[in-house]
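Quick notes on the structure that follows.
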Amino acid sequence: MANPSLLILAGDGIGPEVMAEVKKIIGWMGDRRGIRFDVSEDLVGGCAYDAHGTPLTDATMAKAQEVDAVLLGAVGGPKYDKLDFSVKPERGLLRLRKEMDLFSNLRPAQCFDALADFSSLKRDVVAGLDIVIVRELTSGVYFGEPRGIFKEGNERVGINTQRYTESEIARVARSAFELARKRRNKVCSMEKANVMESGILWREVVQEVHDRDYPDVELSHMYADNGAMQLVRWPKQFDVIVTDNLFGDLLSDCAAMLTGSLGMLPSASLGAPMANGRPKALYEPVHGSAPDIAGQGKANPIACILSFAMALRYSFDLGEEATRVEKAVEKVLADGVRTADLMGPEGGTPVSTAQMGDAIVAALDASL
Ligand code: IPM
Ligand code: MG
């Protein structure tokens, strides 16, 4: 049987640096576990614009549709700030999400014990934290029409539209309930039903899907602004949070900081099953391209490595190997290996991106 296929789109800024460390883990899986992937690489974001005048070529888009999973680094950078909106690096990523129909974005926020003191919150608020935000990723205000900047009388008006259909809400709700059943069986749905009709519909549909097919799962509803406060006040009250595209974007950055560093958070963006039964899937760190530290070997590769672990679990049914990678990360952190973003106020000597990758590979060796 052919090896499963992976398309690597390292992107811009620190993307290529952190992806280089993921490649070490992919190589390790082949050499030491006999788990081999057919890996191809291509461009996305600013680097694709530089090469082709577009942040994602049709050829790359077609490749992404064919492979078993896409691994993405990060896109964007100040060099591209002045570009026309339609060719900005972010448009490449949004096109991938939309055309692959990756409606369910899983963003786990887990606090490794060794990092509990690095959070800006108190240790008991975050120690042992393990929650997942399920963010709707292909609709809402990110894609709704009408949108644009228009002339109205003597002034310009900027318009974006929050739009959700019942089926879009129902399918992401299902994925949250399915996930909760494999965890602590609790879902909290967040919207602004107090001010938005799309929020009223969101709440109703999530409740209907629950009552019809998932009555065994504990469901609660919360206004998203209160949800933001609760995430900071006592995040351990949550298990799975399901929310729309824009609230999910904000709440997941907030949740990221609970874990100590944005450099730690992986994500999986999943769509409907393909003919081979695997879901359409793209894996990427939650962090961005961090242009301020790009090219200096300072970036933390853990979020990208943990994103690959999510690929092992969700695309390739290799949950044990995913856990092996996660345990290796945990061990390295427990041993005190730290990239610059994980240095506390007391200081110390940070390791480089490559040294962190090597330490994780060594921990993988030790796991055999
Ligand atoms: C994210 C990012 C993206 C988003 C940007 C880069 C388009 O912030 O994945 O959270 O807003 O979705
Ligand atoms: Mg974001």
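The values are calculated or read from the model by the stated rules, or taken from the named source; none is laboratory data. Keep in mind that this is a model prediction, so the values were computed, not measured. Every residue, glycine as well, gets a Cβ built from its backbone with ideal geometry; the counts of neighbours run over all protein chains shown.
Could you list all residues from the stretch 275-284 that are touching a strand residue (DSSP E or B) at 6+ places or on another chain (Cβ under 6 Å) and away from ligand 2 (no atom under 15 Å from the Cβ)?
Looking only at the stretch 275-284, we keep the residues that are touching a strand residue (DSSP E or B) at 6+ places or on another chain (Cβ under 6 Å), and these are 279-284.
Of everything in the stretch 275-284, those that are touching a strand residue (DSSP E or B) at 6+ places or on another chain (Cβ under 6 Å) and away from ligand 2 (no atom under 15 Å from the Cβ) turn out to be Pro279, Lys280, Ala281, Tyr283.
Output yes when any residue across the stretch 343-351 is over 21 Å from Asp31 (Cβ atoms), surrounded by fewer than 17 Cβ atoms within 10 Å (Cβ to Cβ), under 24 Å from the mean Cα position of the chain (by Cα) and at pLDDT below 95, and no when none is.
Yes, there is a match, as at least one residue in the stretch 343-351 is over 21 Å from Asp31 (Cβ atoms), surrounded by fewer than 17 Cβ atoms within 10 Å (Cβ to Cβ), under 24 Å from the mean Cα position of the chain (by Cα) and at pLDDT below 95.
Return only the number of the condition from (1) farther than 26 Å from Ala10 by Cβ; (2) assigned to a helix (DSSP H, G or I) that Arg95 does not satisfy.
Every condition holds for Arg95 apart from (1).
Within the stretch 1-15, take every residue that is buried (at least 19 other Cβ atoms within 10 Å of the Cβ) and out of contact with any Phe, Trp or Tyr (no Cβ under 9 Å at 6 or more places or on another chain) and give me the one that is farthest from Ala309 (Cα to Cα).
Among those that are buried (at least 19 other Cβ atoms within 10 Å of the Cβ) and out of contact with any Phe, Trp or Tyr (no Cβ under 9 Å at 6 or more places or on another chain), it is Gly13.
Examine the stretch 69-87 for a residue that is outside any loop (DSSP other than H, G, I, E, B) and closer than 27 Å to Leu368 by Cα, and state whether such a residue exists. Give the steps one after another, and end with the answer.
The first filter runs over the stretch 69-87 and keeps only residues outside any loop (DSSP other than H, G, I, E, B), leaving 69-74, 78-80, 85-87.
From what is left, the residues that are closer than 27 Å to Leu368 by Cα are 69, 71.
Within the stretch 69-87, one or more residues are outside any loop (DSSP other than H, G, I, E, B) and closer than 27 Å to Leu368 by Cα.
Pick out the one residue from Ala74, Ala51, Ala116 that is surrounded by 23 or more Cβ atoms within 10 Å (Cβ to Cβ) and of a type in the set (A, V, I, L, M). I'd like the intermediate steps shown before the answer.
On the way: Ala51 fails: surrounded by 23 or more Cβ atoms within 10 Å (Cβ to Cβ); Ala116 fails: surrounded by 23 or more Cβ atoms within 10 Å (Cβ to Cβ).
Exactly one residue qualifies, and that residue is Ala74.
A quick yes/no check of all residues on (1) under 23 Å from the mean Cα position of the chain (by Cα); (2) outside the structural domain of Ala173 (by TED's automatic domain parsing); (3) within 29 Å of Leu364 (Cβ to Cβ):
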position: Gly45; (1), (2), (3): yes, yes, no
position: Asp50; (1), (2), (3): no, yes, no
position: Gly53; (1), (2), (3): no, yes, no
position: Ala64; (1), (2), (3): yes, yes, yes
position: Gly92; (1), (2), (3): yes, yes, no
position: Lys122; (1), (2), (3): no, yes, no
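Please state which of the following conditions Gly260 fails to meet, knowing it meets all the rest: (1) modelled with pLDDT under 95; (2) within 16 Å of ligand 1 (Cβ to nearest atom); (3) surrounded by 20 or more Cβ atoms within 10 Å (Cβ to Cβ); (4) of a type outside the set (Ser, Thr, Tyr).
Condition (2) is where Gly260 drops out.
Within the stretch 209-241, can you find the residues that are in a strand (DSSP E or B), in contact (Cβ under 8 Å) with a residue 60 or more places away in the chain and away from ligand 1 (no atom under 16 Å from the Cβ)? Quick ask: steps written out before the conclusion?
Step one: of the stretch 209-241, the residues in a strand (DSSP E or B) are 218-223, 240-241.
With the extra rule that they be in contact (Cβ under 8 Å) with a residue 60 or more places away in the chain, the set shrinks to 240-241.
The answer is Val240, and nothing else.
Say we look at the stretch 236-255 and pick out the residues that are away from ligand 2 (no atom under 16 Å from the Cβ) and surrounded by fewer than 22 Cβ atoms within 10 Å (Cβ to Cβ); which of these is nearest to Ile169 (Cα to Cα)?
Step one: filter the stretch 236-255 for residues away from ligand 2 (no atom under 16 Å from the Cβ), giving 236-240, 242.
This time we only want the ones that are surrounded by fewer than 22 Cβ atoms within 10 Å (Cβ to Cβ), so: 236-237, 239.
On the way: Lys236: 25, Gln237: 23, Asp239: 19 Å.
Per the stated criteria, the residue is Asp239.
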